[in-house]
Amino acid sequence: MSGPIVVDSVAALRAQIRDWRREGFKVAMVPTMGALHDGHISLVRIALERAERCVVSIFVNPTQFAPTEDLDKYPRQLARDLDRLREAGAHLAFTPGVAEMYRPGFATRISVGGPSSGLETDFRPTFFDGVATVVAKLFLQAAPDCAVFGEKDYQQLCVVRQLCRDLDLPVEIIGAPTVRDSHGLAMSSRNAYLSETELAIARKLNVVLRQTAAELTSGADEASAVGEAAQALVRAGFRKVDYVAAREAVTLGPWRRDRDGRLLAAAWLGTTRLIDNVEILSA
Ligand code: PAF
(Lines give C-alpha, C1' and ligand atoms only; values in the text may rest on other atoms or scores of the structure.)
Protein backbone atom coordinates (compact mmCIF):
# COMPACT_ATOMS: atom_id res chain seq x y z
CA MET A 1 0.00 0.00 0.00
CA SER A 2 1.41 3.41 -0.90
CA GLY A 3 1.93 5.89 1.92
CA PRO A 4 0.13 9.16 2.52
CA ILE A 5 0.81 12.19 0.35
CA VAL A 6 3.17 14.36 2.41
CA VAL A 7 2.87 18.14 2.09
CA ASP A 8 4.51 20.81 4.20
CA SER A 9 2.93 23.97 2.78
CA VAL A 10 -0.54 25.39 3.26
CA ALA A 11 -0.78 26.00 -0.50
CA ALA A 12 -0.11 22.33 -1.33
CA LEU A 13 -2.54 21.20 1.37
CA ARG A 14 -5.29 23.42 -0.01
CA ALA A 15 -4.63 22.32 -3.61
CA GLN A 16 -4.95 18.64 -2.71
CA ILE A 17 -8.08 19.19 -0.66
CA ARG A 18 -9.58 21.25 -3.49
CA ASP A 19 -9.00 18.29 -5.84
CA TRP A 20 -10.68 15.90 -3.43
CA ARG A 21 -13.63 18.24 -3.03
CA ARG A 22 -14.01 18.33 -6.84
CA GLU A 23 -14.18 14.54 -6.75
CA GLY A 24 -16.94 14.79 -4.14
CA PHE A 25 -14.95 13.40 -1.22
CA LYS A 26 -15.61 14.30 2.40
CA VAL A 27 -12.48 15.17 4.38
CA ALA A 28 -11.75 14.28 8.00
CA MET A 29 -8.82 15.72 9.92
CA VAL A 30 -6.78 14.34 12.82
CA PRO A 31 -4.58 17.08 14.33
CA THR A 32 -1.50 15.64 16.09
CA MET A 33 1.95 16.59 17.28
CA GLY A 34 3.40 13.33 15.89
CA ALA A 35 5.11 10.56 17.89
CA LEU A 36 2.07 8.59 16.83
CA HIS A 37 0.88 5.73 19.02
CA ASP A 38 -2.13 3.41 18.98
CA GLY A 39 -4.29 6.19 20.41
CA HIS A 40 -3.63 8.39 17.36
CA ILE A 41 -4.16 5.47 15.01
CA SER A 42 -7.58 4.87 16.58
CA LEU A 43 -8.42 8.51 15.71
CA VAL A 44 -7.37 7.89 12.10
CA ARG A 45 -9.61 4.80 11.94
CA ILE A 46 -12.58 6.83 13.20
CA ALA A 47 -11.77 9.57 10.66
CA LEU A 48 -11.75 6.99 7.85
CA GLU A 49 -15.20 5.78 8.92
CA ARG A 50 -16.51 9.35 8.68
CA ALA A 51 -14.98 10.55 5.42
CA GLU A 52 -13.46 9.28 2.19
CA ARG A 53 -10.22 11.18 2.81
CA CYS A 54 -8.24 11.52 6.03
CA VAL A 55 -5.70 14.29 6.63
CA VAL A 56 -3.35 13.99 9.63
CA SER A 57 -1.40 17.06 10.67
CA ILE A 58 1.92 16.53 12.41
CA PHE A 59 3.13 19.74 13.98
CA VAL A 60 4.79 20.19 17.37
CA ASN A 61 3.12 23.49 18.11
CA PRO A 62 5.51 25.79 20.00
CA THR A 63 2.80 28.22 21.11
CA GLN A 64 1.20 25.65 23.41
CA PHE A 65 4.43 25.01 25.32
CA ALA A 66 5.51 27.30 28.16
CA PRO A 67 9.22 28.21 28.15
CA THR A 68 9.78 25.74 31.02
CA GLU A 69 8.10 22.84 29.21
CA ASP A 70 9.40 19.99 27.03
CA LEU A 71 9.22 21.57 23.52
CA ASP A 72 12.83 20.66 22.66
CA LYS A 73 12.66 17.18 24.06
CA TYR A 74 9.16 16.39 22.69
CA PRO A 75 9.59 13.18 20.61
CA ARG A 76 9.90 13.79 16.86
CA GLN A 77 9.94 10.70 14.60
CA LEU A 78 8.48 11.62 11.23
CA ALA A 79 9.66 8.55 9.25
CA ARG A 80 8.08 6.20 11.80
CA ASP A 81 4.92 8.33 11.93
CA LEU A 82 4.55 8.13 8.14
CA ASP A 83 4.93 4.34 8.29
CA ARG A 84 2.17 4.16 10.86
CA LEU A 85 -0.07 6.42 8.76
CA ARG A 86 0.57 4.24 5.69
CA GLU A 87 -0.47 1.14 7.65
CA ALA A 88 -3.56 2.94 8.94
CA GLY A 89 -4.57 4.13 5.46
CA ALA A 90 -4.41 7.90 6.05
CA HIS A 91 -4.37 9.83 2.77
CA LEU A 92 -2.35 12.94 3.56
CA ALA A 93 0.17 14.01 6.18
CA PHE A 94 0.48 17.76 6.63
CA THR A 95 3.92 18.39 8.16
CA PRO A 96 4.49 22.16 8.18
CA GLY A 97 7.57 23.72 9.74
CA VAL A 98 7.24 26.42 12.36
CA ALA A 99 7.88 29.17 9.78
CA GLU A 100 4.97 27.94 7.63
CA MET A 101 2.53 28.03 10.56
CA TYR A 102 3.85 31.17 12.23
CA ARG A 103 5.16 33.55 9.61
CA PRO A 104 7.46 36.37 10.75
CA GLY A 105 5.36 39.00 12.48
CA PHE A 106 2.63 36.53 13.50
CA ALA A 107 0.61 38.40 16.15
CA THR A 108 -2.77 36.70 16.65
CA ARG A 109 -3.94 34.56 19.56
CA ILE A 110 -7.29 32.91 20.08
CA SER A 111 -8.37 32.73 23.69
CA VAL A 112 -11.29 30.47 24.55
CA GLY A 113 -13.12 30.97 27.86
CA GLY A 114 -15.69 28.56 29.33
CA PRO A 115 -14.26 25.04 29.53
CA SER A 116 -10.67 26.27 29.39
CA SER A 117 -10.90 27.82 32.84
CA GLY A 118 -9.26 25.93 35.70
CA LEU A 119 -7.75 22.41 35.59
CA GLU A 120 -4.91 22.56 33.01
CA THR A 121 -5.10 26.36 32.82
CA ASP A 122 -4.29 26.67 36.52
CA PHE A 123 -0.93 25.04 35.79
CA ARG A 124 -0.37 25.87 32.10
CA PRO A 125 -1.97 29.32 31.73
CA THR A 126 -1.12 29.82 28.04
CA PHE A 127 -1.67 26.24 26.88
CA PHE A 128 -5.21 26.48 25.52
CA ASP A 129 -4.54 29.78 23.74
CA GLY A 130 -1.79 27.95 21.85
CA VAL A 131 -4.02 24.95 21.14
CA ALA A 132 -7.01 27.07 20.06
CA THR A 133 -4.87 29.22 17.80
CA VAL A 134 -3.21 26.32 16.01
CA VAL A 135 -6.42 24.28 15.74
CA ALA A 136 -8.27 27.28 14.26
CA LYS A 137 -5.44 27.73 11.76
CA LEU A 138 -5.47 24.03 10.82
CA PHE A 139 -9.25 24.14 10.31
CA LEU A 140 -9.01 27.27 8.16
CA GLN A 141 -6.17 25.74 6.15
CA ALA A 142 -7.73 22.32 5.56
CA ALA A 143 -11.44 23.17 5.91
CA PRO A 144 -12.28 19.58 6.93
CA ASP A 145 -15.86 18.37 7.31
CA CYS A 146 -14.99 16.82 10.65
CA ALA A 147 -12.06 16.39 12.99
CA VAL A 148 -11.31 13.70 15.55
CA PHE A 149 -9.82 14.44 18.99
CA GLY A 150 -9.09 11.96 21.77
CA GLU A 151 -10.99 12.04 25.06
CA LYS A 152 -7.60 11.49 26.72
CA ASP A 153 -7.16 15.28 26.46
CA TYR A 154 -10.70 15.81 27.68
CA GLN A 155 -10.44 19.51 28.52
CA GLN A 156 -8.84 20.14 25.11
CA LEU A 157 -11.76 18.36 23.42
CA CYS A 158 -14.24 20.60 25.28
CA VAL A 159 -12.21 23.72 24.39
CA VAL A 160 -12.11 22.78 20.69
CA ARG A 161 -15.88 22.21 20.66
CA GLN A 162 -16.36 25.65 22.26
CA LEU A 163 -13.96 27.22 19.74
CA CYS A 164 -15.92 25.84 16.78
CA ARG A 165 -19.26 26.83 18.27
CA ASP A 166 -18.14 30.37 19.11
CA LEU A 167 -16.35 31.08 15.83
CA ASP A 168 -18.90 29.28 13.63
CA LEU A 169 -16.21 27.00 12.28
CA PRO A 170 -18.14 24.44 10.23
CA VAL A 171 -16.21 21.41 11.48
CA GLU A 172 -17.94 18.57 13.29
CA ILE A 173 -15.84 17.62 16.32
CA ILE A 174 -15.78 13.92 17.10
CA GLY A 175 -14.54 12.79 20.51
CA ALA A 176 -12.82 9.40 20.51
CA PRO A 177 -12.49 7.05 23.50
CA THR A 178 -9.08 6.89 25.18
CA VAL A 179 -6.93 3.97 24.08
CA ARG A 180 -5.27 2.23 27.05
CA ASP A 181 -2.63 -0.45 27.49
CA SER A 182 -3.54 -3.77 29.10
CA HIS A 183 -3.09 -2.13 32.54
CA GLY A 184 -5.41 0.74 31.70
CA LEU A 185 -2.64 3.33 31.23
CA ALA A 186 -3.81 5.93 28.70
CA MET A 187 -1.61 6.02 25.58
CA SER A 188 0.43 9.21 25.45
CA SER A 189 3.50 10.33 23.53
CA ARG A 190 4.94 11.36 26.89
CA ASN A 191 4.81 7.75 28.18
CA ALA A 192 8.04 7.35 26.17
CA TYR A 193 9.81 9.40 28.88
CA LEU A 194 8.92 6.92 31.66
CA SER A 195 11.34 4.39 33.16
CA GLU A 196 10.07 0.86 33.91
CA THR A 197 9.57 1.80 37.58
CA GLU A 198 7.68 4.97 36.64
CA LEU A 199 5.55 3.02 34.15
CA ALA A 200 4.38 0.71 36.94
CA ILE A 201 3.37 3.74 39.02
CA ALA A 202 1.76 5.49 36.03
CA ARG A 203 -0.54 2.49 35.63
CA LYS A 204 -2.08 3.24 39.02
CA LEU A 205 -3.50 6.56 37.79
CA ASN A 206 -6.45 5.05 35.93
CA VAL A 207 -7.11 2.60 38.76
CA VAL A 208 -7.41 5.41 41.33
CA LEU A 209 -9.58 7.47 38.97
CA ARG A 210 -11.96 4.63 38.16
CA GLN A 211 -12.34 3.73 41.83
CA THR A 212 -12.98 7.36 42.81
CA ALA A 213 -15.51 7.85 39.99
CA ALA A 214 -17.40 4.75 41.19
CA GLU A 215 -17.39 6.11 44.75
CA LEU A 216 -18.79 9.46 43.55
CA THR A 217 -21.55 7.70 41.64
CA SER A 218 -22.40 5.74 44.81
CA GLY A 219 -22.81 8.96 46.80
CA ALA A 220 -19.36 9.68 48.31
CA ASP A 221 -18.68 13.26 49.42
CA GLU A 222 -16.95 15.03 46.51
CA ALA A 223 -14.26 16.91 48.47
CA SER A 224 -13.27 13.85 50.52
CA ALA A 225 -13.25 11.54 47.51
CA VAL A 226 -11.02 13.75 45.32
CA GLY A 227 -8.77 14.56 48.31
CA GLU A 228 -8.37 10.86 49.06
CA ALA A 229 -7.65 10.17 45.36
CA ALA A 230 -4.83 12.74 45.36
CA GLN A 231 -3.34 11.16 48.49
CA ALA A 232 -3.64 7.68 46.96
CA LEU A 233 -1.66 8.87 43.93
CA VAL A 234 1.11 10.23 46.16
CA ARG A 235 1.14 6.96 48.13
CA ALA A 236 1.40 5.09 44.80
CA GLY A 237 4.60 7.01 43.99
CA PHE A 238 3.53 10.14 42.07
CA ARG A 239 5.86 13.02 43.00
CA LYS A 240 3.17 15.71 42.88
CA VAL A 241 -0.52 15.89 42.04
CA ASP A 242 -1.58 19.07 40.21
CA TYR A 243 -5.27 18.27 40.49
CA VAL A 244 -7.92 15.62 40.83
CA ALA A 245 -11.27 17.25 40.07
CA ALA A 246 -14.84 16.24 39.33
CA ARG A 247 -16.56 18.36 36.67
CA GLU A 248 -19.78 18.44 34.69
CA ALA A 249 -19.00 16.54 31.48
CA VAL A 250 -19.92 19.14 28.82
CA THR A 251 -19.21 22.59 30.27
CA LEU A 252 -16.55 21.45 32.76
CA GLY A 253 -18.41 23.56 35.30
CA PRO A 254 -18.98 22.26 38.84
CA TRP A 255 -19.96 18.59 38.99
CA ARG A 256 -23.61 17.78 39.68
CA ARG A 257 -24.73 14.37 40.81
CA ASP A 258 -27.75 14.38 38.47
CA ARG A 259 -25.62 14.96 35.35
CA ASP A 260 -22.89 12.87 33.75
CA GLY A 261 -19.53 14.05 34.95
CA ARG A 262 -15.86 13.63 34.34
CA LEU A 263 -13.13 13.01 36.87
CA LEU A 264 -9.89 14.58 35.63
CA ALA A 265 -6.36 14.44 37.01
CA ALA A 266 -2.83 15.60 36.32
CA ALA A 267 0.14 14.27 38.26
CA TRP A 268 3.92 14.18 38.01
CA LEU A 269 6.25 11.22 37.84
CA GLY A 270 9.77 12.59 38.00
CA THR A 271 9.86 15.26 35.29
CA THR A 272 6.95 13.78 33.31
CA ARG A 273 3.45 15.14 33.73
CA LEU A 274 0.61 12.71 33.02
CA ILE A 275 -3.07 13.51 32.57
CA ASP A 276 -6.04 11.20 32.46
CA ASN A 277 -9.80 11.28 33.00
CA VAL A 278 -12.74 8.92 33.38
CA GLU A 279 -16.49 9.20 33.17
CA ILE A 280 -18.54 9.69 36.34
CA LEU A 281 -21.95 8.18 35.76
CA SER A 282 -24.87 10.18 37.14
CA ALA A 283 -26.53 8.69 40.20
O1 PAF B 1 -3.43 17.06 21.27
C2 PAF B 1 -2.47 17.45 20.58
O3 PAF B 1 -1.65 16.67 20.10
C4 PAF B 1 -2.31 18.93 20.33
O5 PAF B 1 -2.69 19.69 21.44
C6 PAF B 1 -3.04 19.44 19.06
C7 PAF B 1 -4.54 19.28 19.18
C8 PAF B 1 -2.54 18.65 17.85
C9 PAF B 1 -2.74 20.92 18.83
O10 PAF B 1 -1.39 21.14 18.66
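If you take the residues in the range 99-125 that are in contact with a Phe, Trp or Tyr (Cβ under 8 Å, 6 or more places away or on another chain) and of a type in the set (Val, Ile, Thr), which one is farthest from Cys164 (Cα to Cα)?
Applying the filter and picking the extreme gives Thr121.
Can you find a residue in the range 168-191 that is surrounded by fewer than 19 Cβ atoms within 10 Å (Cβ to Cβ), part of a helix (DSSP H, G or I) and of a type in the set (Asp, Glu)?
no
Being within 15 Å of the ligand (Cβ to nearest atom), touching a strand residue (DSSP E or B) at 6+ places or on another chain (Cβ under 8 Å), modelled with pLDDT of 95 or more and under 17 Å from Leu157 (Cβ atoms) is the requirement here; does Val55 meet it?
Details: within 15 Å of the ligand (Cβ to nearest atom): yes; touching a strand residue (DSSP E or B) at 6+ places or on another chain (Cβ under 8 Å): yes; modelled with pLDDT of 95 or more: yes; under 17 Å from Leu157 (Cβ atoms): no.
So Val55 fails the test.
For residues that are at pLDDT below 95 and either touching a strand residue (DSSP E or B) at 6+ places or on another chain (Cβ under 7 Å) or closer than 15 Å to Ala225 by Cβ (or both), tally how many sit in the range 258-281.
2
In the range 235-248, is there at least one residue being at negative phi, charged (D, E, K, R), crowded, with 20+ Cβ neighbours inside 10 Å and modelled with pLDDT of 95 or more? Before you say what the answer is, go through the steps one by one.
Let us first name the residues in the range 235-248 that are at negative phi, namely 235-236, 238-248.
Now restrict to residues that are charged (D, E, K, R): 235, 239-240, 242, 247-248.
Imposing the further condition that a residue be crowded, with 20+ Cβ neighbours inside 10 Å reduces the set to 247.
Add one more test, that the residue is modelled with pLDDT of 95 or more, and what stays is 247.
There is at least one residue in the range 235-248 that is at negative phi, charged (D, E, K, R), crowded, with 20+ Cβ neighbours inside 10 Å and modelled with pLDDT of 95 or more.
Can you find, within the range 88-118, the residue that is nearest to Gly39 (Cα to Cα) among those that are in contact (Cβ under 8 Å) with a residue 60 or more places away in the chain and in a helix (DSSP H, G or I)?
Looking at residues that are in contact (Cβ under 8 Å) with a residue 60 or more places away in the chain and in a helix (DSSP H, G or I), I get Pro115.
Select from the range 125-162 the residues that are in a loop (DSSP other than H, G, I, E, B) and closer than 27 Å to Phe25 by Cβ and write down the one among them that is nearest to the ligand (Cβ to nearest atom). Quick ask: steps written out before the conclusion?
Taking the range 125-162 as the starting set, the residues that turn out to be in a loop (DSSP other than H, G, I, E, B) are 125-126, 143-145.
Adding the requirement that they be closer than 27 Å to Phe25 by Cβ leaves 143-145.
On the way: Ala143: 17, Pro144: 13, Asp145: 18 Å.
The qualifying residue nearest to the ligand (Cβ to nearest atom) is Pro144.
Report, by residue number, each residue of the range 48-86 that is in contact with a Lys or Arg (Cβ under 8 Å, 6 or more places away or on another chain) and hydrophobic (A, V, I, L, M, F, W, C).
Passing the criteria: Ala51, Val60, Ala66.
Just to be sure I understand, how many residues within the range 214-233 are within 16 Å of Ala266 (Cβ to Cβ) and of a type in the set (A, V, I, L, M, F, W, C)?
5
Consider only pairs whose beta carbons are under 6 Å apart and that are at least six residues apart or on different chains; among these, list those whose first residue lies in the range 70-84 and is surrounded by fewer than 17 Cβ atoms within 10 Å (Cβ to Cβ) and whose second residue is modelled with pLDDT of 95 or more and not in a loop (DSSP other than H, G, I, E, B).
Leu71/Pro62
I'm checking my understanding of the structure. Among residues of the range 59-86 that are within 16 Å of the ligand (Cβ to nearest atom) and of a type in the set (Val, Ile, Thr), which one is nearest to Gly130 (Cα to Cα)?
Among those that are within 16 Å of the ligand (Cβ to nearest atom) and of a type in the set (Val, Ile, Thr), it is Thr63.
Against the condition within 16 Å of the ligand (Cβ to nearest atom), in a loop (DSSP other than H, G, I, E, B), within 17 Å of the chain's Cα centre (by Cα) and more than 19 Å from Val55 (Cβ to Cβ), how does Thr121 come out, does it pass?
No, not satisfied.
Answer yes or no as to whether Ile46 is within 16 Å of the ligand (Cβ to nearest atom), without any contact (Cβ under 8 Å) to a residue 60 or more places away in the chain and either hydrophobic (A, V, I, L, M, F, W, C) or surrounded by fewer than 15 Cβ atoms within 10 Å (Cβ to Cβ) (or both).
So Ile46 does not fit the description; no.
The values are calculated or read from the model by the stated rules, or taken from the named source; none is laboratory data. All values reported here derive from a predicted model rather than from experimental measurement. So basically every Cβ, Gly included, is an ideal-geometry build from the backbone, and we count neighbours across all protein chains shown.
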